[in-house]
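Worksheet: one structure, shown below.
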Amino acid sequence: MQIQVLKSKIHRATITEANLAYVGSLTLDEDLMDAANLIENEKIQVVNVNNGERLETYIIKGKRGSGVVCLNGPAARKGTVGDIIIIISYALMDFEVAKSFQPHIIFPSADNRLK
């Protein structure tokens, strides 16, 4: 049996930009991506702590060390600069493997830097 489990989580990142004119997705600092074991184009769920909005999109690699967390396209309507979000990805795996799997969870600083 296969189940979906938490693979990666960035807990309480701060939105730095919202670009309605862009095609879509979430631009994310490459340092945060690496630390949370996320890759470009990976499907993610974004949960906005400030307003309760939830959305699914994918990651675009942002400049390393920039702290960028940018909602693009229609996603830009789901949050504003300064909002706190949680970024989550899930993985499909065998039930027995999932029992011992350890997700990558990071807690960036208020300026989206690794602590």
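A short reminder: the numbers here are calculations on the coordinates, not readings from a lab. All values derive from a computational prediction rather than experimental measurement. Quick reminder, even Gly has a Cβ in these numbers, built from the backbone with ideal geometry, and neighbours come from all protein chains shown.
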_Checking the condition over 15 Å from A35 (Cα atoms), touching a strand residue (DSSP E or B) at 6+ places or on another chain (Cβ under 8 Å) and buried (at least 19 other Cβ atoms within 10 Å of the Cβ), which residue from T57, T80 passes?_
T57
*asked:* Suppose we filter the range 65-77 for residues that are crowded, with 19+ Cβ neighbours inside 10 Å and basic (K, R); how many remain?
replied: 0
*asked:* Which pairs turn up if I take residues in the range 51-63 that are of a type in the set (F, W, Y) and look for partners that are loosely packed, with under 13 Cβ neighbours inside 10 Å with beta carbon separation below 7 Å, at least 6 apart in sequence or on another chain?
replied: Y58/N41; Y58/K43
*Hits in the range 6-26 - residues which are surrounded by 15 or more Cβ atoms within 10 Å (Cβ to Cβ), over 14 Å from the mean Cα position of the chain (by Cα) and hydrophobic (A, V, I, L, M, F, W, C)*: A18
*Within the range 32-66, tally of residues that are within 17 Å of I85 (Cα to Cα), in contact with a Lys or Arg (Cβ under 6 Å, 6 or more places away or on another chain) and not in a strand (DSSP E or B)*: 1
_Residues (part of a loop (DSSP other than H, G, I, E, B) and among the charged types (D, E, K, R)) located in the range 67-111_ = D83, D111
*Can you tell me which of D111, D94, D29 is of a type in the set (D, E) and buried (at least 19 other Cβ atoms within 10 Å of the Cβ)?*
D29
_Of the conditions (1) under 30 Å from M1 (Cα atoms); (2) out of contact with any helix residue (DSSP H, G or I) (no Cβ under 9 Å at 6 or more places or on another chain), T57 satisfies every one except a single condition; which number is it?_
(2)
*asked:* Looking at (1) on the phi > 0 side of the Ramachandran plot; (2) in contact with an Asp or Glu (Cβ under 7 Å, 6 or more places away or on another chain); (3) surrounded by 14 or more Cβ atoms within 10 Å (Cβ to Cβ), which one does N37 not meet, given that it meets all the others?
replied: (2)
*Taking into account only those residues within the range 7-44 that are in contact (Cβ under 8 Å) with a residue 60 or more places away in the chain and among the small types (G, A, S), which is nearest to K99 (Cα to Cα)?*
S8
*Would you pick out the residues in the range 77-101 that are farther than 24 Å from A13 by Cβ and of a type in the set (V, I, T)?*
V97
